[in-house]
Amino acid sequence: MDNNKNEKKELERSLKPAGTYLDSLSEFADLLGTIKQAETAANELLEETAAARRTKDAPTRNREQNGPEGTDGNEPDSAPASSAETAEKEPSVEELLEKLDTLVGLEKIKQSVKSLINYVKIRKLREEQELPNPPVSLHMVFTGNPGTGKTTVARILSELYRAIGVLSKGQLIEVDRSGLVAGFVGQTAIKTTEAVNNALGGILFIDEAYSLAPDVGSGNDFGREAIETLLKMMEDHREDLIVIVAGYSAPMERFIFSNPGLESRFNRYFMFDDYNSDELYEIFDSMCGKSEYILTEDAVEFAREHFCDIYDMRDENFGNARHVRNFFENIVSVHSDRVSALEGHTREDLTTVLREDLENAAIM
């Protein structure tokens with residue numbers, strides 16, 4: 001009988017919701033302890049939530065009370081400055097054209113660049129008026145000896161195209177054969193693709209581009225793979241990529257005619273003439289002025305004679321501004337050796353360049 005009663009009691013307990021009654025004081029005490037623990041945990045959770053909310057709202061209250069962040073002379077702890085405050089102001093078309101005009105010489109190039117910019121501006125205006133425009137390629141060939149300002153003009157062009165909306169970014173990426181060609185089959189396409197991707201939104205400037213097209217009969221060469229990859233990507237990204245190929249005049253002509261795709265895409269030629277003797281001296285004088293070196297009268301006379309001589313004796317490898325840079329650096333070295341041997345060094349000693357400094361630099 002007792003077993004039956006116990007089984008019945010257990011059955012009734014299982015059918016009733018938990019907590020509907022307690023069988024002993026110990027169970028009641030356990031329940032009170034559980035409730036207390038739950039209450040404590042709930043209070044701790046509420047306090048943590050309130051603290052988090054106060055921390056989150058603190059910057060807003062500080063701004064309302066103290067004004068915008070940073071006005072008290074302290075930098076904000078975590079809020080970054082707005083992009084409008086940190087972004088460097090991009091130069092306008094007028095500023096860039098003025099920068100172009102400050103370059104020594106290059107009068108034909110300056111006029112050609114200005115005409116090209118006017119042409120592109122009118123094309124965009126016609127597009128806005130839904131007027132038709134003939135197909136055009138803005139890819140260019142720069143020919144001329146080293147040191148004639150090809151890279152400098154390309155950099156200004158990239159910024160100009162960005163300013164008028166032709167290019168989205170306006171960066172200039174400079175490469176030569178080594179930046180496009182790899183030494184293993186299949187790797188050149190990858191390397192060329194990477195270079196083009198870096199230039200998207202700007203200009204890819206390929207110096208000594210003729211080295212990509214070796215002479216006929218030279219055997220297999222990965223330069224051809226680079227050209228084919230380049231042409232495909234120029235077509236795929238023709239709306240936001242400009243390619244400028246540069247080098248000596250005769251080799252560049254051979255390069256352009258080495259592939260029908262190159263000939264059809266590169267139809268704008270810019271010929272960079274050598275600097276004459278007066279222009280070479282002007283470049284030299286600018287270098288001296290920027291570094292606060294002052295030439296004596298007889299030093300100036302020697303410098304002008306020197307640049308006349310090197311211009312008259314120039315060949316197809318004439319370095320133009322590169323020669324001027326090397327000559328200037330030699331003068332600085334000779335000047336340093338001479339002045340370091342003096343007892344005491346006045347400001348005049350440190351800035352004055354003598355004729356003998358130029359004479360010694362010229363034979364280095």
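Could you list GLU194, GLU225, GLU356 in order of exposure, starting from the residue whose Cβ has the fewest other Cβ atoms within 10 Å?
Details: GLU194 12, GLU225 21, GLU356 15.
Arranged by neighbour count, lowest to highest, GLU194, GLU225, GLU356 become GLU194, GLU356, GLU225.
Would you order HIS345, HIS139, HIS335 from fewest to most other beta-carbon atoms within 10 Å of each residue's own beta-carbon? Don't jump to the answer; show the numbers that get you there.
On the way: HIS345 10, HIS139 19, HIS335 22.
Ascending Cβ contact count within 10 Å gives the list HIS345, HIS139, HIS335.
Find the relative contact order for region 93-272 and round it to a whole percent, using C-alpha pairs within less than 8 Å whose residues are 6+ positions apart.
Numbers: 260 pairs, mean separation 53.6, N = 180.
Relative contact order here is 30 percent.
Here is the link list: LYS169/LYS290; LYS114/LYS232; LYS191/LYS232; LYS108/LYS169. Which ones come out longer than 20 Å on Cα distance? Write out the running numbers ahead of the final one.
Working: LYS169/LYS290 30 Å; LYS114/LYS232 29 Å; LYS191/LYS232 14 Å; LYS108/LYS169 27 Å.
Long pairs (Cα-Cα over 20 Å): LYS169/LYS290; LYS114/LYS232; LYS108/LYS169.
With 10 angstrom as the radius, rank ARG265, ARG347 by how many other C-beta atoms surround their C-beta, starting from the fewest.
The most exposed by this proxy come first: ARG347, ARG265.
Putting +1 on Lys and Arg Cβ atoms and -1 on Asp and Glu Cβ atoms, find which of VAL353, THR229, ILE310 reaches farthest to the positive end of the dipole of region 220-364.
Going by the Cα projections, it comes out as THR229.
Alpha carbon centre of region 321-364 versus region 110-169: separation in Å?
Region 321-364 and region 110-169 have Cα centres separated by 41 Å.
Any read-out appearing in this document is the output of simple, stated calculations on the displayed coordinates, not a laboratory observation. None of the values given here were measured: they were computed from a predicted structure. Virtual Cβ from ideal backbone geometry, glycine too; neighbours counted across all protein chains shown.
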